[in-house]
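The values are calculated or read from the model by the stated rules, or taken from the named source; none is laboratory data. Just so it is clear, the structure is predicted and the values come from calculations on it, not from any experiment. Cβ sites come from the backbone with ideal geometry, for glycine too, and all protein chains shown count toward neighbours. For the accessible areas, the whole protein counts, side chains as well, though only heavy atoms, and no ligand, DNA or RNA atoms are used. Shrake-Rupley method; radii C 1.70, N 1.55, O 1.52, S 1.80 Å.
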Amino acid sequence: ALVGQTLTDKQPDQNTFLIWRGGSPADFELKLQFKLTGYNSGVQFRSIELPDIKWAMKGYQADMDGQQQYTGQIYEERGRGFLAMRGMFSYIGEGKKAAQVSGLGASGDELKSIIKSEDWNELHLICRGNLIIQMLNGRVTSMLIDDDTAGRKMDGLLGIQVHKGPPMKIEVRNIRLKTL
């Protein structure tokens with residue numbers, strides 16, 4: 001497994017990412033297993049590396065946290081913030097903010113029960129055009145249609161986040177990427 005960890009006395013200056021340099025996927029499926037112990041992490045996709053801050057990224061993120069408050073949602077790091085909460089299908093129109101359109105048949109709290117705290121979970125991302133689907137352990141947890149041409153990214157880098165703050169450890173294994 002790839003492992004990223006922070007300790008109380010060993011902190012990055014800001015959120016830091018292990019960045020995959022093997023391409024800039026546009027339409028793809030990404031599957032991986034992760035185990036998060038502690039604070040917060042995420043998997044970046046269709047993202048860019050910030051030129052003025054070493055190892056920092058901006059873009060979509062499959063969010064996760066130790067309290068399971070954000071795990072399963074779609075977030076945009078250093079961008080538009082929360083885009084699709086767990087249990088929701090969201091839409092972003094041209095120049096607009098994310099609007100929750102409908103539920104996905106299970107509430108965020110119901111979907112929280114499928115997340116294995118401090119154990120291995122399966123993340124499955126499907127990105128095709130302006131549609132993003134996030135699944136955890138075989139269940140759709142959030143969906144997004146992003147029609148904001150100025151704000152969205154249609155391709156970009158992948159990365160794994162080490163979050164500044166309280167101690168955390170992210171482990172990722174069995175990473176599989178399929179371009180569509």
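For region 143-169, the set of residues classified as among the aliphatic types (A, V, I, L, M) and more than 16 Å from I126 (Cα to Cα) consists of A150, I160, V162, M168, listed by residue number.
For region 52-76, the candidate set comprises residues that are touching a residue at least 60 places away in the same chain (Cβ under 8 Å) and part of a loop (DSSP other than H, G, I, E, B); within that set, the residue that is most open to solvent (accessible area, probe 1.4 Å) is G66.
Please verify whether region 96-104 includes one or more residues that are surrounded by 22 or more Cβ atoms within 10 Å (Cβ to Cβ) and outside any loop (DSSP other than H, G, I, E, B). Even if it seems obvious, please write down each step before you answer.
To start, the set of residues in region 96-104 that are surrounded by 22 or more Cβ atoms within 10 Å (Cβ to Cβ) comprises 98.
Checking which are outside any loop (DSSP other than H, G, I, E, B) leaves us with none.
Scanning region 96-104 turns up no residue that is surrounded by 22 or more Cβ atoms within 10 Å (Cβ to Cβ) and outside any loop (DSSP other than H, G, I, E, B).
If the condition is being over 17 Å from the mean Cα position of the chain (by Cα) and part of a strand (DSSP E or B), then region 1-51 contributes Q5, T6, L7, K10.
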